[in-house]
Amino acid sequence: MTQKMKTHKITVTAMLAAVATVLMFLEFPVPFLIPPFVKMDFSELPALLASFSLGPVYGGVVCLIKNLICCLRTNTGCVGELANFLIGLCFVLPAGFIYRHKKSRKSALIGSIVGAVVMALASIPLNYFISYPVYSKLIPIDAIIGLYQTIRPDVNGLLECLVLFNAPFTLIKGVLDVALCFLIYKPLSPLLHK
């Protein structure tokens with residue numbers, strides 16, 4: 001790899017990480033679908049762009065940088081950011097590796113859908129074993145489950161909440177990132193590649 005290519009990859013990675021950080025700060029609640037403490041953001045979109053244009057490792061680096069920066073203003077002791085980083089990796093790495101194996105629009109779509117599904121499935125154990133044990137020190141677990149029960153009263157237990165609410169929400173978030181990626185990738189391609 002030439003010095004010019006290295007410089008280009010570092011520059012594009014830094015720009016995408018900056019955009020990802022801003023998008024993470026622009027999170028918003030989705031009432032009636034999930035409790036308000038779980039927010040929607042599109043910060044994995046730049047990481048997905050990096051994974052396709054530069055390679056899966058660069059997509060992971062974008063996820064890492066955005067979460068390290070967001071740790072500076074966290075109220076979760078960086079546990080939320082750790083979970084976000086791991087969930088983001090579950091999205092961009094499969095997408096990038098599948099696309100890297102065969103570079104086509106179809107493989108990009110398959111890879112990103114596989115990544116969205118892996119991210120949704122991984123969100124269950126990551127939230128169950130990492131995020132919510134920490135959150136339960138701030139808010140009792142019964143109160144957290146109570147917030148889910150305001151949407152669906154018959155839900156019972158944290159695992160059921162994660163399966164019925166968080167995993168589908170994470171899948172929708174991933175699919176929206178995929179749709180946005182396919183809308184903007186081609187126009188951004190000259191900037192991302194050269």
(message) Given the -39500 (n - 2.57) contribution per DSSP H run of 4+ residues, what per-residue ellipticity at 222 nm results for the chain, rounded to the nearest 500 deg cm²/dmol?
(response) -24000 deg cm²/dmol
(request) Choose one answer from Gly59, Gly146, Gly96: the residue with the largest mean-square fluctuation in a GNM of the chain with alpha-carbon springs under 10 Å. (result) Gly146
(request) Please determine, in degrees from 0 to 90 and to the nearest 10, the orientation of helix 79-101 with respect to the longest principal axis defined by the Cα atoms of the chain, where the helix direction is its Cα long axis. (result) 40
(message) With a 1.4 Å probe and all protein chains left in place, how much of the accessible area of the chain comes from carbon and sulfur atoms, in whole percent?
(response) 73
(message) How tilted is helix 56-70 with respect to the longest principal axis of the chain? Cα atoms for both, answer in degrees (0 to 90, nearest 10).
(response) 50
(request) May I have the convex hull volume per residue, in Å³, for the Cα set of region 137-194? (result) 125
(message) Cut-off under 18 Å on the C-alpha distance; same-chain residues fewer than 8 positions from Lys106 excluded. Which aspartates and glutamates are left, in chain and number order?
(response) Asp177
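Only Lys, Arg, Asp and Glu count, each charged at its Cβ (+1, +1, -1, -1), so figure out the dipole size of region 1-139 about its Cα centre, rounded to 20 debye.
Around 600 debye, computed over region 1-139.
Can you run the Rg to Rh ratio on region 51-121? Use alpha carbon positions and the Kirkwood inverse-distance Rh. Display every interim value, and only then the final one.
Working: Rg = 13.1 Å, Rh = 12.3 Å.
Rounded to two decimals, Rg over Rh is 1.06.
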(message) Translational diffusion coefficient of the chain at 20 °C, 1.002 mPa s, Stokes-Einstein with Kirkwood Rh over Cα pairs, in µm²/s as a whole number.
(response) 125
(message) If I histogram all Cα-Cα distances within region 94-173 using bins 10 Å wide from 0, what percent of pairs lands in each bin?
(response) 19, 37, 23, 15, 6
(message) Please compute the contact order of region 65-125 in relative form: average sequence separation of alpha-carbon pairs under 8 Å and at least six residues apart, divided by the residue count, as a percent.
(response) 31
(request) Among Cys78, Val117, Pro140, flag the residue with its Cα farthest along the positive direction of the charge dipole of the chain, charges on Cβ as +1 for Lys/Arg and -1 for Asp/Glu. (result) Val117
(request) For the chain, report the accessible area per residue in Å² (1.4 Å probe, heavy atoms, rounded to an integer). (result) 52
(request) Please arrange Asp41, Asp142 by accessible surface area, largest first, computed with a 1.4 Å probe and ligands excluded. (result) Asp142, Asp41
(request) Largest first and in whole Å, give the semi-axes of region 19-63's equivalent ellipsoid, each being the square root of 5 times a Cα gyration tensor eigenvalue. (result) 25, 9, 7
(message) Using only the alpha-carbon atoms, how far is helix 167-193 inclined from the longest principal axis of the chain? Give it as 0 to 90 degrees, nearest 10.
(response) 20
(message) Please enumerate, by chain and number, the lysines with C-alpha under 24 Å from the C-alpha of Lys4, excluding those fewer than 8 residues away in the same chain.
(response) Lys103, Lys186, Lys194
(request) Using Cα pairs closer than 8 Å and at least 6 residues apart in sequence, work out the relative contact order for region 122-194, in percent. (result) 34
(message) If I take every Cα pair under 8 Å that is 6 or more residues apart in region 4-57, average their sequence separation and divide by the length, what percent do I get for the relative contact order?
(response) 35
(message) Only sites in a loop by DSSP and with at most 14 other Cβ atoms within 10 Å count here; which chymotrypsin sites (Phe, Trp or Tyr not before Pro) in region 27-72 make the cut?
(response) Phe32, Phe37
(request) Largest first and to the nearest Å, give the Cα extent of region 1-107 along each principal axis. (result) 46, 31, 19
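The values are calculated or read from the model by the stated rules, or taken from the named source; none is laboratory data. Fair warning: this is a prediction, and the values are worked out from it, not measured in the lab. Every residue, glycine as well, gets a Cβ built from its backbone with ideal geometry; the counts of neighbours run over all protein chains shown. For accessibility, only protein heavy atoms count, side chains too; no ligands or nucleic acids. Shrake-Rupley method; radii C 1.70, N 1.55, O 1.52, S 1.80 Å.
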